[in-house]
Each structure stands twice: as C-alpha cells, then as structure tokens.
Amino acid sequence: MRRGGARDATRRFSRAMRTTAVSALRAACHRAGVGWSTGGPRIGTRRTPVAATSTPHRRAGWRGIATGASDNPDRQPTTRTDEEAAAAADRAAFERMTVAELKDMLRARGQRVGGRKAELVERATSPTSSVGAGFSTSTAASRDRSSSSSSSASTAAKKKPKSPPRMVWEVTDPPLPPRAPKLDKAIQPSITVLSWNVNSIRALLEKDPDVLDKLAASEDADVVVLQETKLQTKNVPELDAKVLANYPHRVWNCSTKKLGYSGTALFTKHEPLNTWIDPFEMDEFTGEGRVVVAELPRAFVVGAYCPNSGEGLKRLTGRCGAWDPNMSRYLFELEQNSGGKPVIYVGDLNVANEPIDLWGNHAANSQASGYTPEERDSFKRLLLGPRDDGGAGLVDSFRDKHGVDAKAFTYFSYRAGARPRNRGWRIDYALVSESARGEVHDAFIRGDVGGSDHCPIGVVVKTRT
C-alpha cells in the first residue's frame, strides 16, 4: 500500500473512533443527567430548554456552553483545528460540571471517581479515558479489543437497580436465646413493653409502611416505645396518622434544640393514668426530646434515648456526670413515691455493659463512645447498683433471664457488613425494678427484624391483679 494511502486509512479509522467516543460520551452524559449539544456536554437538567441568553445558575440550574466564540462579541475567536476546538469545548464543559455530576459520568463510564475536582476533570478529558481511545489501528485484533472495551463500558454504565431494604434477618451465629411461650393474658395478666430505636421513623416507614403495626401485633405489645424518631413537631400529625392505629394513646417528644434529631415516642393500647416528657433536669441535653413516661395501673414505663458521648467523647462528662445521676434519682423516686409501683425502663441506653455485650476489639473500643470505663461504671453503679449505695436498684432483664453467657446484640453499624457478620453491640435494654425481677416472663431481642441499625427489644412482666 502507498504511504499516503496508509495515512488516509489511519485518518479514517481515527475519525471512526472519535465518532464512537462521542456517541458513548453523549450516552454517558445523558445517564448522568447532563444535557448534550453539538458543542459537547451542557450542564443542567434534561427538561430545561436552552435559552438564547443565559445567566449563571447554581447547581440546580443550567448553563449554556458556547464553542468557538468568546463571551465578548468584539473579540475574534482563536483559530484552532477541529480536534483542538472539540477538546477545549469538552474540557470547558467538564469544568463547569459539579463534582457530583463528574462522578456520576465517570462512574457511568466505569472509571475511578476518587479525588479532587481537578483530578476528575483531568480523568474525564484525558485521551486514555475516552471510549475507544488508546488502541492501535494496525490490526484487526486491536479493533476487536476496542469493540469489547466499548461493550464493557456500556455494560458498566447501566445502573444496577437498588436492592430493596432487608426487613427480615436470620440470626444464626450465635442464634438468639429461646423465647418463652406466649402468655394468655386472660389467665395471667401481664405487661408487654416493646422498644425500638428506629433511626428515623420516616425512613423506616418508607421501607415498610406497616412494619411497626406488624411488629407490635406479633408481640401483642401493650406499650410501644420508640427512640430516634428524628421528627420535628410540625411533622407529628402526618406521621401520627400512619402508625400503630391500635394504640390510640400516644405521646411524642421532639427535639426543639436541634431539628430533625433525637426524639422519642410512646404508644399504649389502654389509657394511661398519666404521661410526661422530660420529667427531670437534663442540663446540656435539655430540649433534645429524650424521655417519655407513662404511668399504667400496675407499672411505670419510662422510655429514653440516652445521650451518646459523641465523637471525641465530647459529651462524656455530661453523660456520666449529669444525665446518669439525674435519671437514676428519678427512677428511684418514681417507685418510692408511688408506694412501690415497679418501673420498666427501656430504650437505647448507649452503653455495652459487659465484654460479652460487644462483639470484639475491646481494647480499642474502650476509647470509643459506648464502651468507655466511665460509661460502663456509671451504668453499673447508678442504674444496676443497690439503692442503699446510691443506685436505682434495677435489673437487666435480658441478662437476668438468659444468663451471663447469652450473647446477642441490638445495634449493628451500617459499615463493613456488621450485621451479616453478627458484629454488634448490646446497647438497648429493658431494665426492671428489683421488686419485679421474679415476674419477668420473657426478655427478648428481635434480631430478625430489619429497617434500622438497631433491633427491637422487649420484656414481658407478669402483674398482680
């Protein structure tokens, strides 16, 4: 073949490769939500038309991209080859994209998405990152590789459908302790209290609108207590109408100090004698919606979302020096001032009391919120400790019922697949007064129920007529 003919063939194939690259880039931009014009990608929503005159917009808006001309009409455009003009237009378009849009496009092309914006732009514009680029034109084998690469990029660009939330779990390692048989309440009166940190009730109901009703019905619960509802007061009527229709008596306690944070709620089948929210001094935790209380004919039910000591243990002093002592004193006086009516204290108490209540890494976790020596000592001394020594005199119903060797967890981090590997913490409790210790029929963890990073827990306490 003549040398000139070889050059012509090379040019024709290069143009074909550029056409393939442009087509693939157009498709990737479409999937990433980036519009396309003849000059290259256009930033903005797909449905917004390009106006003749545009003004700068924030991320939610769009921008027109001019190619081959300056913003100043009096200035003559610089003479460039078609390839240079296209490359400049592409780079300008990529630089106008947000980091999120760049990552979406790179992800759709099957490329790495880490790094700063400048790195993302460089990756998007570099020749080796274009579909079809970087391959030799000398052999049929290289053309086959190019075709395969385009096919692979197209496959990678297809977004995988988001898997549905896992609402049912099988706990096998180790299995949960056996449950006690159901009581016939007509023969043996009892109170069943169910507690769950839902980690946003709105998010939970989006996963399964009926999960709370099904759970409460499966346990024949008399009282349902929730933590971390994350509701604002203005949103309560909307959510209140959607949950637990068989529990007409309810109290919501929303955080007013920080909106969309913390929050507790309590629901009862039968009308309580009294209800309260935040009934004792909270110091730095005031206004965070952390405590709900109901007085029933035969028991008090106190539900709480105990403060987490936080990153860097910033709230450890307030937690152990104020919250725990005030809660302990309140629980003690509640029973004492009522003539001995027992207390059932449930909720996310944010501490793993014993080594068996934590999956592992005990030395490292002793510096982390929830397993510090200070938190564990405070829990043992102020809540489980005897009354004549300044404690509330409560009993950990799960540990008392199932023994010191029973290993089960109530909280699993969303990171690193903790729940499938059963690497959790037991930080949710049902504590009962010493006077009710012998009346605990069942204390359970519903490790089979999903929808939150916490498991529902509960207790069944026999009552005297």
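Search the stretch 385-405 for residues that are over 19 Å from Ser328 (Cβ atoms) and pair each with any residue that is among the charged types (D, E, K, R) when their beta-carbon atoms are under 8 Å apart and the residues are at least 6 apart or on different chains. Final answer for the pair search is Phe398/Arg426; Lys401/Asp442; Val404/Glu354.
If you filter the stretch 201-210 down to residues that are under 15 Å from the mean Cα position of the chain (by Cα) and free of Cβ contacts under 8 Å to residues at least 40 places away in the same chain, you find that the one that is surrounded by the fewest Cβ atoms within 10 Å (Cβ to Cβ) is Glu206. No other residue among Lys230, Lys207, Lys269, Lys214 is touching a Pro at 6+ places or on another chain (Cβ under 7 Å) and within 26 Å of Met167 (Cα to Cα) apart from Lys207. Right, Leu334: buried (at least 23 other Cβ atoms within 10 Å of the Cβ) and touching a Pro at 6+ places or on another chain (Cβ under 9 Å) or not? No; evaluated as a whole, the condition is false for this residue. Selection over the stretch 333-358 of residues that are at pLDDT below 95 and under 35 Å from the mean Cα position of the chain (by Cα) gives a count of 0.
The requirement of being surrounded by fewer than 23 Cβ atoms within 10 Å (Cβ to Cβ) and within 21 Å of Leu334 (Cβ to Cβ) is fulfilled somewhere in the stretch 419-435, by at least one residue. In the stretch 351-368, the residue that is surrounded by the most Cβ atoms within 10 Å (Cβ to Cβ) out of those that are among the polar types (S, T, N, Q) and in contact with a strand residue (DSSP E or B) (Cβ under 8 Å, 6 or more places away or on another chain) is Asn353. State whether the residues of the stretch 257-269 include one that is over 13 Å from Tyr330 (Cβ atoms), of a type in the set (Val, Ile, Thr) and not in a loop (DSSP other than H, G, I, E, B). The answer is yes, given that some residue of the stretch 257-269 is over 13 Å from Tyr330 (Cβ atoms), of a type in the set (Val, Ile, Thr) and not in a loop (DSSP other than H, G, I, E, B).
Over 30 Å from the mean Cα position of the chain (by Cα) and at pLDDT below 95: which single residue out of Arg387, Arg381 fits that description?
Working: Arg381 fails: at pLDDT below 95.
Exactly one residue qualifies, and that residue is Arg387.
What is the residue count in the stretch 157-169 for residues that are modelled with pLDDT under 90 and either surrounded by 14 or more Cβ atoms within 10 Å (Cβ to Cβ) or under 30 Å from Thr410 (Cα atoms) (or both)?
Within the stretch 157-169, the subset modelled with pLDDT under 90 is 157-166.
Among the residues that remain, those that are also either surrounded by 14 or more Cβ atoms within 10 Å (Cβ to Cβ) or under 30 Å from Thr410 (Cα atoms) (or both) are: 157, 161-166.
Selection size over the stretch 157-169: 7.
The residue that is nearest to the chain's Cα centre (by Cα), counting only those in the stretch 402-418 that are buried (at least 20 other Cβ atoms within 10 Å of the Cβ) and not hydroxyl-bearing (Ser, Thr, Tyr), is Phe412.
Please verify whether the stretch 178-200 includes one or more residues that are closer than 24 Å to Ile427 by Cβ, free of Cβ contacts under 8 Å to residues at least 12 places away in the same chain and exposed (fewer than 13 other Cβ atoms within 10 Å of the Cβ). There is at least one residue in the stretch 178-200 that is closer than 24 Å to Ile427 by Cβ, free of Cβ contacts under 8 Å to residues at least 12 places away in the same chain and exposed (fewer than 13 other Cβ atoms within 10 Å of the Cβ). Here is a list: Asn326, Asn308. Which entry is in a loop (DSSP other than H, G, I, E, B) and modelled with pLDDT of 95 or more? Unique residue meeting the criteria: Asn308.
The values are calculated or read from the model by the stated rules, or taken from the named source; none is laboratory data. The model shown is predicted, which means the values in this text are computed figures rather than measured ones. Backbone-built Cβ (ideal geometry, glycine too); neighbour counts: all protein chains shown.
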